[in-house]
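Please read the structure below before turning to the comments.
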Amino acid sequence: MSERHRLVVGNWKMHETAGQAENLARAVLAALPPLDARAHSEVVLAPPFTALAAVHAVVADSVVALGAQNMHWGESGAYTGEISAPMLLDLGVRYVILGHSERRRYFHESDEEINRKVRAALSHGLMPIVAVGETADERDTGMTDARVVAQTSAALDGVEPANLARLALAYEPVWAIGTGRNCPPAEADRVMGCIRGTLPGLEHTRILYGGSVTPANFASYLACENCDGGLIGGASLDANAFVQLAILALAA
Ligand code: 13P
């Protein structure tokens, strides 16, 4: 067993208005059993920016922490439409998902931009959750390991070794996201081992699996040597399913 504490993150993506998000967060809290403080496991909800304040009002003073889905690397400035780390901190945000494949694919985020965001988040005391993963084409052409290692080393370039335990990585094969085709756990564990081997110091970094996680398959990931939790999309929009995932992670 590793010393790494489990982490379960609900990425609500572009779902839920502020009012809907508040109700969903309430439903999650109501169904979550009291967490054992000694377990130090963490449960994070990452609603859209527009619902951060509403969800914070629900989860403040609870065991559930608040996450954002993206941020800009600057502190402030002429970046129309962007949100900075101090703005997130001001809303009670503690975690920020960076480099999600949907950001890379639809918004053309480069490895270099993701690296700037990771370093900015760390310097402001936010905990980055950095997503990496191969496309179906990359997997079919034998590029999986090279791709995730390249994404990981680019995202973490210049990060102080002492900060590696303050961030989490998420292995999300692009072809497994929202498809119902989850990566077989043994293969996910192998790739997460590859990610962990990218740099010295990553043995203390939490690595999450993401991609069609459900209450039926999550325990098989948690049983893997290299898996420290989950980054959950669709199932996090169902309070009962998400709480089942959190309970599995706490028990593992
Ligand atoms: P699904 O759980 O819906 O496959 O989404 C995974 C994901 O992208 C989480 O960030």
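General remarks:
- Residue among Gln69, Pro161, Ile232 farthest towards the positive dipole end of the chain, charges placed on Cβ: Ile232
- Long-range HN-HN contacts of Ile129 with modeled amide H, under 5 Å: Val96, Ile97, Leu98, Ala168
- Cα gyration tensor category, rounded, prolate or oblate, for region 133-222 with a/c compared to 1.5: oblate
- Estimated [θ] at 222 nm from DSSP helical runs (n ≥ 4, -39500 (n - 2.57)) normalised by residues in the chain, nearest 500: -10500 deg cm²/dmol
- ³J(HN,Hα) computed for each position of region 168-175 - Karplus, 6.51 cos²θ - 1.76 cosθ + 1.60, integer Hz, glycine/proline x: 10, 10, 10, 8, 10, x, 4, 6
- Using Cβ point charges alone (K and R +1, D and E -1), the dipole size of the chain about the Cα centre works out to roughly 260 debye.
- Each residue of region 141-150 is assigned a 3J(HN,Hα), and the resulting list reads 9, x, 9, 3, 5, 4, 5, 5, 5, 5 Hz, derived from the Karplus form 6.51 cos²θ - 1.76 cosθ + 1.60 (θ = phi - 60°), x at Gly and Pro.
- Gyration tensor (alpha-carbon) shape descriptor, the chain, a/c threshold 1.5: rounded
- Region 166-199 versus region 108-150: alpha-carbon centroid distance in Å: 12 Å
- Chain lengthening between Asn217 and Leu91 when straightened (0.36 nm per residue, less Cα-Cα): 42.0 nm
- Protection-proxy order for peptides 116-126, 93-103, each taking the mean of Cβ atoms within 10 Å per residue, highest first: 93-103, 116-126
- At R0 = 51 Å, FRET efficiency that the Cβ-Cβ distance of Ala251 and Glu75 yields, to 0.05: 0.80
- Between Ser110 and His204, the C-beta separation translates, for a Förster distance of 35 Å, into a calculated FRET efficiency of about 0.80.
- For the chain, Cys183, Cys194 stand unpaired, since no other cysteine beta carbon lies under 4.7 Å from theirs.
- Extension gain, Glu3 to Ala136: 0.36 nm times the residue separation minus the Cα-Cα distance gives 44.6 nm.
- Normalised contact order of the chain, rounded percent, pairs of Cα under 8 Å and 6 or more residues apart: 22 percent
- Derived scalar couplings ³J(HN,Hα) [region 130-138; Karplus, 6.51 cos²θ - 1.76 cosθ + 1.60; whole Hz; x for Gly, Pro]: 9, 9, 9, x, 8, 7, 4, 4, 4
Bear in mind that the values in this text are calculations on the coordinates, not laboratory data. Note that the structure is a prediction, hence the values are computed from the model and not measured. With ideal geometry, Cβ positions are generated from the backbone for all residues, glycine too; neighbour counts draw on all protein chains shown.
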